[in-house]
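These notes are about the structure you will find just below.
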Amino acid sequence: MQVDKQGEWGLSLKNIAMKRMLPYYYYLIGMMAWAVTACTPYQLTEEESETEQTPVTPPSTEQGELALLVRSTDNTPLNLPITVFLFDEQQCIHQTRLESPQDTYQFQTVQGNYHLTAFAGLTDDYQLPEGYTYESFIQLPENPASVTPLMAGRTDVQLSKSTHLTVQLGNVMTMLQTTLTQVPQDATQVVLEVSPVSSAYSFSGKYKNDQKTCRIACHKTSDGWTAPTTYLLPTASTYTLLTVQVTTPKGIDTQSYSLPHALKAGQPYQLKGSLIENKMTLEGTFSIAGWEPANEIEFIFDGSNTNPTDSPDTTFTVTRLPEAGDIWNGCYVWETEDTEEGERELLLLSPTEFSCQAAQGLEQLSGYLLNGIGNWRTFTKDEAKRFREQFGDTMTTLESLNALLTAHNMTIIHAKEDDRYLCENCTYSFTMCPTKNYSNTKVGSQKTYCLRGLKWVSVRLEP
């Protein structure tokens with residue numbers, strides 16, 4: 001039998017080709033198997049089962065009932081009505097009035113956590129903000145004083161099915177009683193000013209601490225000049241300024257006393273004294289249930305009416321004598337002079353700057369009152385020259401002064417080329433621009449000027 005060499009050779013070539021293609025066949029079969037597997041859902045084993053998610057508990061809708069009794073500390077009488085406010089975390093959800101301390105406040109709402117505040121004496125003197133929350137303030141919108149004492153109390157409420165609470169209300173204001181005897185016969189007005197005080201108190205029990213001044217008008221009676229009992233909201237401060245202003249045909253006589261501490265809530269003060277005898281006392285000779293005993297403080301009323309341009313008409317008692325360059329009573333102390341009587345006179349620069357025409361300048365200053373200090377005036381020509389030489393001849397000294405003023409929230413001294421300050425009773429003006437020569441020029445009728453007040457006051461150390 002003969003073998004076909006050519007066929008045998010052809011078969012060998014075919015075998016060789018098949019062997020070379022085998023890897024590609026295996027790859028193709030593997031890819032087909034992967035595709036089939038990928039399309040088949042993967043079943044988790046028991047060990048691989050998904051972690052169970054903790055279900056979210058919806059807010060409780062179960063109702064709870066709150067019953068509240070309101071009482072005062074020391075069982076002192078409450079000024080009715082009593083106003084109760086209930087807050088959640090966002091807003092006030094209920095407000096009501098109790099006409100008697102024996103009334104019980106009852107309210108049903110969803111169980112949970114709430115804040116409750118109650119007031120006695122919340123009269124029309126106060127203004128409630130719109131959309132108020134627990135941190136909102138009730139405001140004495142104009143003169144920050146009331147003839148009715150405000151008492152307050154608060155508590156956090158964890159409301160369950162039935163919750164019974166008692167809230168005690170305490171004084172949150174200062175009481176002030178004023179009687180002034182032997183006032184000059186020609187006096188037409190007597191005003192007591194107290195500063196700083198707060199103008200608002202929050203539902204959460206905070207004072208606004210916005211450093212306001214309260215004016216209390218006195219009225220002539222058979223006992224002298226008296227004012228109705230007045231209630232003030234205290235503020236966070238290192239001092240309290242008490243100022244008496246007596247208006248006569250000769251002008252306004254002013255006397256001030258600086259207490260080295262803030263007024264205290266629940267503390268009564270009685271201002272009682274004789275002006276002609278040059279003595280005024282803040283006495284603590286009375287006791288009222290629910291109030292602490294008053295303090296006794298004495299200061300002198302000088303009874304003079306000096307020219308405010310030349311010498312001080314206001315005297316303060318202090319615990320430390322201020323130096324030139326200090327910030328005192330909200331003002332910059334520009335210059336000082338010591339007197340033979342042991343007092344120190346301070347030339348103050350007002351923290352506020354006005355922008356006005358020259359004809360309006362004196363009117364602006366006449367209505368300016370700061371912490372019991374009035375009768376502000378303009379620079380004289382000599383003072384304007386000294387002030388410019390000290391602070392305006394170089395930019396460095398001016399920037400240093402302005403940095404200090406800015407740090408104490410006061411208006412800076414402006415020194416652009418077109419900025420001019422009024423002086424000499426608003427009849428002349430000068431510039432603080434370091435690049436311009438100093439000059440005093442007569443004012444124009446249309447230009448807008450800068451206006452800064454100056455004021456001499458006297459201080460003496462507290463005995």
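The values are calculated or read from the model by the stated rules, or taken from the named source; none is laboratory data. These numbers were taken from a predicted model, which means no experiment stands behind them. Note that we place each Cβ from the backbone using ideal geometry, even for glycine, and neighbour counts take in every protein chain shown. We work out accessible area using only protein heavy atoms, side chains counted, and drop any ligands, DNA or RNA first. Shrake-Rupley method; radii C 1.70, N 1.55, O 1.52, S 1.80 Å.
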Give the range 93-149 a look and list any residue that's over 21 Å from LEU165 (Cβ atoms), charged (D, E, K, R) and either touching a helix residue (DSSP H, G or I) at 6+ places or on another chain (Cβ under 6 Å) or open to solvent by 70 Å² or more (accessible area, probe 1.4 Å) (or both), or say none. ASP124, GLU130, GLU135, GLU142
Determine, yes or no, whether GLU340 is free of Cβ contacts under 8 Å to residues at least 12 places away in the same chain, more than 29 Å from the chain's Cα centre (by Cα) and not in a helix (DSSP H, G or I). yes
Any hit, the range 216-232, residues being closer than 20 Å to THR317 by Cα and open to solvent by 10 Å² or more (accessible area, probe 1.4 Å): no
Looking across the range 378-412 at residues that are of a type in the set (A, V, I, L, M), more than 25 Å from GLU363 (Cα to Cα) and open to solvent by 20 Å² or more (accessible area, probe 1.4 Å), the single one that is farthest from the chain's Cα centre (by Cα) is MET395
Name the one entry in THR155, THR188, THR163, THR179 that is open to solvent by less than 30 Å² (accessible area, probe 1.4 Å) and of a type in the set (Val, Ile, Thr). THR163
So MET173 passes all but one of these: (1) at pLDDT 85 or above; (2) farther than 22 Å from TYR269 by Cβ; (3) of a type outside the set (Phe, Trp, Tyr). Which condition number does it fail? (2)
Can you go through PHE301, PHE316 and tell me which one is assigned to a strand (DSSP E or B), farther than 27 Å from THR427 by Cβ and either open to solvent by less than 40 Å² (accessible area, probe 1.4 Å) or modelled with pLDDT of 90 or more (or both)? PHE316
Take residues that are at pLDDT below 90 and among the hydrophobic types (A, V, I, L, M, F, W, C) and tell me which of the strands (runs of 3 or more DSSP E) falling wholly in the range 95-151 contain 1 or more. 105-110
Can you find even one residue in the range 49-63 that is at pLDDT 60 or above and in a strand (DSSP E or B)? yes
Has the range 357-375 got at least one residue that is at pLDDT 90 or above, open to solvent by 20 Å² or more (accessible area, probe 1.4 Å) and either charged (D, E, K, R) or closer than 21 Å to VAL194 by Cα (or both)? no
Do the conditions hold for THR254, that is, is it of a type in the set (Ser, Thr, Tyr), modelled with pLDDT under 85 and open to solvent by 70 Å² or more (accessible area, probe 1.4 Å)? no
Of all residues in the range 428-437 being in contact with a helix residue (DSSP H, G or I) (Cβ under 8 Å, 6 or more places away or on another chain) and among the hydroxyl-bearing types (Ser, Thr, Tyr), which is most open to solvent (accessible area, probe 1.4 Å)? TYR428
Scan the range 142-161 residue by residue and report those that are more than 15 Å from THR83 (Cα to Cα) and either touching a Lys or Arg at 6+ places or on another chain (Cβ under 6 Å) or touching a residue at least 40 places away in the same chain (Cβ under 8 Å) (or both). ASN143, PRO144, ALA145, SER146, VAL147, ASP156, VAL157, GLN158, LEU159, SER160, LYS161
Kindly provide the set of residues from the range 443-456 that are out of contact with any helix residue (DSSP H, G or I) (no Cβ under 8 Å at 6 or more places or on another chain) and modelled with pLDDT of 90 or more, ordered by number. THR448, CYS450, ARG452, LYS455, TRP456
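Conditions tested, residue by residue: (1) closer than 18 Å to ALA384 by Cα; (2) buried (at least 19 other Cβ atoms within 10 Å of the Cβ); (3) touching a residue at least 40 places away in the same chain (Cβ under 8 Å).
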site	(1), (2), (3)
HIS414	yes, no, yes
CYS423	yes, yes, yes
CYS426	yes, yes, yes
SER439	yes, no, no
LYS447	no, no, yes
LEU454	yes, yes, yes
VAL457	no, yes, yes
LEU461	no, no, yes
